[in-house]
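Report on the following structure.
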Amino acid sequence: MSSIVETIAMCVERGKVNKTSPYPPDLKGQDGADELTAQALADKVPANDILTKGLMIGMGKVGGKFSRNEVFVPDLLMAAKAMTAAMKHLKPYFESGEAKHRGTFVVGTVQGDLHDIGKNLVSMVMEGGGFEVIDLGVDVSPEKFMKAVEEHPGCAVGLSALLTMTMVNMEKTVKLIKEKCPSTKILVGGAPLTEEFCRKIGADSYSPDPQGALDYLSTVYA
Ligand code: B1M
C-alpha cells in the first residue's frame, strides 16, 4: 500500500487537484492533492517531506514525460494546478521557516516580449521542484531583472524570449547582471534559442524545456 506522500506525488503527476475535480476521469470522487496534503499535515508528516517526497517527485515525473513528449501542455498545467492546491497548505510552514526552499529563482520574459505561456510553465515546474519563484512577468527590462537580483541575494535568474527580435534584450540583461553580480547563474530558454546563442551571450545554461531548467538549477543548488 502506498503512503500518503506517494499518493500526493501521484496526484501531482496525474493532475488530480481535489475531490470535486472530474479530472482525471479514473480518479473521479477520490481525494486529490488538496485534501491529501491537509490530511498529511494533520497526521504530522513534515511539510518538507510533503514537498520533497511528494510534490517534487510528482512534478519531476510529469516534467520528464513532457520533455519526452509523452504528455503535453494541458497535462503540465493540471499538474501545476494540483501542486498549487497542495502548496496553499504548505505556505505557512515555509513562511515560519519550518520548511525551506532549495533556492530562489527570479524569472521573466525579456523586454519587448509579451509571450508568457512557456515562462509560466517553467515557473510552475520550478515551484514544484521546491524553489521559491519570483516571477517578474513579461516585458522585463534589464534594470528590473538587476533590481530583483539585488533584492534576492544568491538567486538564480531565468530569462525567456519567444521573438528573435527580443533575443538581443536577453543579451543586454545577461551583460548587466554579469557585470554587477558575476556569480549569478543565468538560465535562458524559449523557442528561438539555441545552445550556441546561450554561449555567445555569456549565459550559464540553455534548456529547451522546463524539466531541463529544473535539472540545471538542481545542480546549482546541490
Ligand atoms: Co506570438 N509569435 N507574437 N503571440 N506566438 C510566435 C512566437 C511566432 C513564432 C508565430 C509565428 O510567426 N509563427 C512569432 C515569432 C517569430 C520570431 O520572432 N521568430 C510570433 C510573433 C511574430 C508575434 C507578434 C510580433 C505578432 C504581431 O503582433 N505581429 C506579437 C508580439 C507581441 C510581443 O511579444 N511584443 C505576438 C503576440 C502573440 C500573442 C499575444 C497573440 C500570443 C502570446 C500570448 C501569451 O503568451 N500570453 C502569441 C502566441 C500564443 C504565439 C504562439 C502561437 C505560441 C507561443 C506559445 O505560447 N507556445 C507562437 C507560435 C508557435 O509557437 N506556434 C508565436 C507554447 C509554449 C508552451 O511554448 O513558449 O516555446 P514556448 O515555451 C516552451 C519552451 O520554449 C521552453 O519551455 C516551454 C515549454 O516547453 N521555455 C523555456 C520557454 N521559456 C523558457 C525559459 C527557460 C527554459 C525553457 O529558462 C529560463
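Assorted remarks:
- Among MET126, MET59, MET165: highest mean-square fluctuation, GNM of the chain, C-alpha pairs under 10 Å: MET165
- Taking amide hydrogens as placed 1.01 Å from N in the peptide plane, the amide H of VAL188 sits under 5 Å from those of LEU159, SER205, TYR206, SER207, each at least 5 positions away in sequence or on another chain.
- Distance violations [Cα-Cα > 27 Å] among LYS61/LYS172; LYS19/LYS119; LYS61/LYS144; LYS88/LYS172; LYS16/LYS88; LYS53/LYS200: LYS61/LYS172; LYS19/LYS119; LYS61/LYS144; LYS88/LYS172; LYS53/LYS200
- Sites excluded, trypsin sites (Lys or Arg not before Pro) in DSSP loops with at most 13 other C-beta within 10 Å, longest stretch of the chain: 101-222
- Separation of alpha-carbon centers, the range 142-220 and the range 66-140, rounded to whole Å: 16
- Each of THR173, SER218, LEU159 was placed along the dipole of the range 121-222 (beta-carbon charges, centred on the mean Cα), and the one lying farthest toward the positive end is THR173.
- The value of relative contact order for the range 104-220, using C-alpha pairs under 8 Å at least six residues apart, is 28 percent.
- Helix 142-151 axis, angle to the chain major axis (alpha carbon atoms, nearest 10°): 50
- About the Cα centre, charge dipole magnitude for the range 3-96 (Lys/Arg +1, Asp/Glu -1 at Cβ), debye: 160
- Descending semi-axes in whole angstrom, ellipsoid equivalent of the range 35-126, from the Cα gyration tensor: 26, 17, 11
- Using the Cα coordinates of the range 112-222, the gyration tensor eigenvalues translate into equivalent-ellipsoid semi-axes of 18, 16, 14 Å, sorted from longest to shortest.
- Taking one quarter of the surface of the C-alpha convex hull of the chain gives a mean projected area of 12.2 nm².
- Computed across the range 1-83, the Kirkwood radius stands at 12.4 Å (inverse of mean 1/r, all Cα pairs).
Here, each number is a calculation from the coordinates, and none is a lab measurement. All figures in this text were calculated on a predicted structure; none of them were measured in a lab. Cβ: placed from backbone, ideal geometry, glycine included. Neighbour counts: every protein chain shown.
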